[in-house]
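First comes the structure, then the notes that go with it.
The values are calculated or read from the model by the stated rules, or taken from the named source; none is laboratory data. Because the structure is predicted, anything quoted here is derived from the model rather than measured. Here the Cβ is made from the backbone with ideal geometry for all residues, glycine too, and neighbour counts use every protein chain on show. Remember, those area values only see protein heavy atoms, side chains included, never the ligands or the DNA or RNA. Shrake-Rupley method; radii C 1.70, N 1.55, O 1.52, S 1.80 Å.
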Amino acid sequence: LLRDAMRGMLHNLDVHSTYLPPKRYEKVRQDTEGEFGSIGALLAPGFIDDARPSVPPYPVIEEIYPGSPAETAGLQLDDRIVSVDGIITAEKGKELKEAGAWEAKLRGPSGTRVTLGVIRVGWKEPRAFTLVRAQVKQQSVAWRVLEPRIGYLQ
């Protein structure tokens, strides 16, 4: 009742105010601070591949953070996550949960393990990857030093 009351009071303040339950607030805080315990992979929703229509729409690795456990383990962009800790992520024609729910399972306290079943183009069967979660730092800005040249910077 208290949470519903708080949600109602904040909802009526203005369009920018809302109540966040503790788990949702924690995720927002992690995302805005850019540091959290995870394997360091961002998942996208699965899709039916026209080249392989019999493969269920497993979530797809969309991004891997540099220096993360996912990068160290050899996971690659476009790998499909078949299972997380033995729980199948999709079945023929449909995802069992949205990609964000699976991504949340990849987060957790540093030092804890998570086992992924991964399938990649060219592999006949999924392979198991056991990763240890670590503190992952998302860079908000990518940068590099430009060498000075005569005239314009290229």
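Excluding same-chain neighbours fewer than eight residues apart, the lysines reachable from LYS23 by a Cα-Cα span under 29 Å are LYS94, LYS97, LYS105, LYS137.
Using C-alpha pairs under 8 Å with a sequence gap of at least 6, the mean separation divided by the residue count of region 1-125 gives a relative contact order of 23 percent. Rounded to the nearest whole angstrom, the semi-axes of the ellipsoid equivalent to region 1-63, taken from the Cα gyration tensor as √(5λ), stand at 36, 17, 10, largest first.
(i) 16.1; (ii) 18.0; (iii) 15.7: which one is Kirkwood radius over Cα pairs in Å as calculated from this entry? Computed from the coordinates, Kirkwood radius over Cα pairs in Å corresponds to (ii).
Build a GNM of the chain with springs between Cα atoms under 10 Å: which of GLU98, GLU125, GLU71 gets the top mean-square fluctuation? Checking each option, the largest mean-square fluctuation is seen for GLU125. If you run the Gaussian network model on the chain, springs between alpha carbon atoms under 10 Å, then out of LEU13, LEU75, LEU96 the most flexible one is LEU13. Using a Gaussian network for the chain with springs between C-alpha atoms less than 10 Å apart, which of these wobbles most: ASP49, ASP79, ASP14? Top of the fluctuation ranking is ASP14. Residues in the chain average 69 Å² of solvent-accessible surface per residue, probe 1.4 Å, ligands and nucleic acids excluded. In loop segments of region 49-97 as defined by DSSP, the trypsin sites (Lys or Arg not before Pro) with at most 10 further C-beta atoms inside 10 Å of their C-beta are LYS92. Cross-link partners of LYS27 among aspartates and glutamates, defined as those whose alpha carbon lies under 13 angstrom from its own and excluding same-chain residues fewer than eight positions apart: GLU35, GLU103. If you filter region 50-139 for chymotrypsin sites (Phe, Trp or Tyr not before Pro), then keep DSSP loop positions with at most 11 other Cβ within 10 Å, what is left? When the chymotrypsin sites (Phe, Trp or Tyr not before Pro) of region 50-139 are filtered for loop state and at most 11 Cβ neighbours within 10 Å, TRP123 remain. For region 1-31 versus region 68-93, the spacing of their alpha-carbon centroids is 32 Å. Sorting 60-67, 140-147, 113-120 by average packing, meaning the other beta carbons within 10 Å per residue, from highest down gives 113-120, 60-67, 140-147.
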